[in-house]
1. I'd like the full set of residues that are of a type in the set (A, V, I, L, M, F, W, C), assigned to a strand (DSSP E or B) and touching a Phe, Trp or Tyr at 6+ places or on another chain (Cβ under 8 Å), limited to the stretch 37-90.
2. Looking at (1) in contact with a strand residue (DSSP E or B) (Cβ under 7 Å, 6 or more places away or on another chain); (2) farther than 19 Å from residue 102 by Cβ, can you tell me which one residue 65 breaks?
3. Consider the stretch 65-82. How many of its residues are over 21 Å from residue 30 (Cβ atoms) and buried (at least 21 other Cβ atoms within 10 Å of the Cβ)?
4. Any residue that is buried (at least 19 other Cβ atoms within 10 Å of the Cβ), touching a strand residue (DSSP E or B) at 6+ places or on another chain (Cβ under 9 Å) and within 21 Å of residue 138 (Cα to Cα) - is there at least one of those in the stretch 12-27?
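Laboratory data are not the source of any read-out in this text; all were calculated from the coordinates shown. All values derive from a computational prediction rather than experimental measurement. Here the Cβ is made from the backbone with ideal geometry for all residues, glycine too, and neighbour counts use every protein chain on show.
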Amino acid sequence: MKNYEFWFIVGSQCLYGPEVLATVDARAKEMAETLSQALPYPVVYKVTAKSAGEIADAIKEANYHDECAGIITWCHTFSPSKMWINGLVSLQKPWCHFATQYNREIPNEEIDMDFMNLNQAAHGDREHGFIGARLRTPRKVIAGYWREPRPERKASAASPLPCVRILRSSWRGRKCSIRL
């Protein structure tokens, strides 16, 4: 059995500043570690990509590495999904779009722009889903709060999401199977 892993690639943008991006980075690492504990193969946090070039580079690297069985994406806040187009067009691995937010609750009474900058994944994930649909790219979308046990159950039972025994994906009309 090969030592597969799944790469967690996060989308954001530079306009939030280094402090917010450092927080997003730390949260993404925590999310990947939590998912790794619940899934049969590790989820490795790779990058918080802030440009089309960073995204394309991460996806090229995923395509190149045999141990990478697929990518899991999460779009922090208003991550312009048009940045993902070139990378996703070149993707040759299974893709799971994980639509979640870091915080479960939204503090409606004391919400401010700092909170909004860190916690508006719903907007980025909605746009990311739209781009995936427009590209007609095969993917599995999993929505749910990341700390609950249900999303990883959906993940381990999903296809084309990695973590299943036989992974079937139609990529540009071709069928491929990956045995994990």
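1. Looking only at the stretch 37-90, we keep the residues that are of a type in the set (A, V, I, L, M, F, W, C), and these are 38-39, 43-44, 47, 49, 52, 55-56, 58-59, 62, 68-69, 71-72, 74-75, 78, 83-85, 88-89.
From the residues that got through so far, the ones that are assigned to a strand (DSSP E or B) too are 43-44, 47, 49, 68-69, 71-72, 74-75.
Answer for the stretch 37-90, where residues must be of a type in the set (A, V, I, L, M, F, W, C), assigned to a strand (DSSP E or B) and touching a Phe, Trp or Tyr at 6+ places or on another chain (Cβ under 8 Å): 43, 44, 68, 69, 71, 72, 74.
2. (1)
3. To start, the set of residues in the stretch 65-82 that are over 21 Å from residue 30 (Cβ atoms) comprises 65-67, 69, 78, 80-82.
Remaining after also requiring buried (at least 21 other Cβ atoms within 10 Å of the Cβ): 69, 81.
Final tally of qualifying residues: 2.
4. So far as the stretch 12-27 goes, no, none of its residues is buried (at least 19 other Cβ atoms within 10 Å of the Cβ), touching a strand residue (DSSP E or B) at 6+ places or on another chain (Cβ under 9 Å) and within 21 Å of residue 138 (Cα to Cα).
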